[in-house]
Amino acid sequence: MNISQQSAVPPSTRGTRRASARRAELIAIGRRLFADRSYDALSMDDIARQARVAKGLIYYYFQSKRGYYLAIIEDSVTGLVTMAASGDELPPVERVQRTIDSYLRYAEHNQAAYRAIVSGGVGFDAEVHAIRDGVREAIVATIAEGAYGRSDIAPVARMGLLAWVCSVEGAVLAWIDRPDLPRETMCELLVKTLGGAMRAVEELDPAYPAPEPARRGG
């Protein structure tokens, strides 16, 4: 954008853009701060000092420490779900594989955010865990759309996919802490374990047949 274009942008719009950029910067800082410390372990003074900003700036954008923390988690959730849900144009089996690969890519490149989403930081936080549960449901819906062509699935199918998602969270946390496997191998492993879950679902509820590669063990 050149100077003449900048001058054509209303001051209020420029101010909104600056505010959005500043808010995003504070959220990125917060992801790092809360990655290995619990909500209660960090005071607003600690946050402001480590972020090298005035405490009042955080209050200005987020109203409270609680508001700041939840904004960090919700922003992380949006990034994960958006990335995992990509690939609508692909055939069902390829879409499922894309979902798993995108999920791993997000965890690999946004480790602090991923830890915050699936473990709620350090300690228990009911509201953050509720957000995490929403992420699980979103991933289940995405996988169901790819595998079965719809997200409104019966209880057996839903629980089978949910159990798989919960196991994936623990495995991926271990993987990003100690990445002994290349992402491609990790993705293939998760695809195969998903196939096992889908075959189990089919045995219990034939209305939800596993995709053909899953039947062959892929």
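Readers should treat all values here as calculations from the given coordinates under stated rules, not as data from a laboratory. All figures in this text were calculated on a predicted structure; none of them were measured in a lab. Positions of Cβ are generated from backbone atoms using ideal geometry, with glycine treated the same way; all protein chains shown enter the neighbour counts.
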Quick check: pseudo-label points 7 Å beyond the Cα along Cα→Cβ at ASP46 and SER64, how many nm apart are they?
1.9
Computed E for MET159/GLN111 - FRET, C-beta separation, R0 22 angstrom, nearest 0.05
0.15
Once phi is turned into ³J(HN,Hα) by the Karplus curve 6.51 cos²θ - 1.76 cosθ + 1.60 with θ = phi - 60°, what whole-Hz value does each residue of the range 198-204 show in order, with x for glycine and proline?
6, 5, 5, 4, 4, 4, 7
How big is the range 3-215 in terms of Cα radius of gyration and Dmax, in angstroms?
20.2, 66
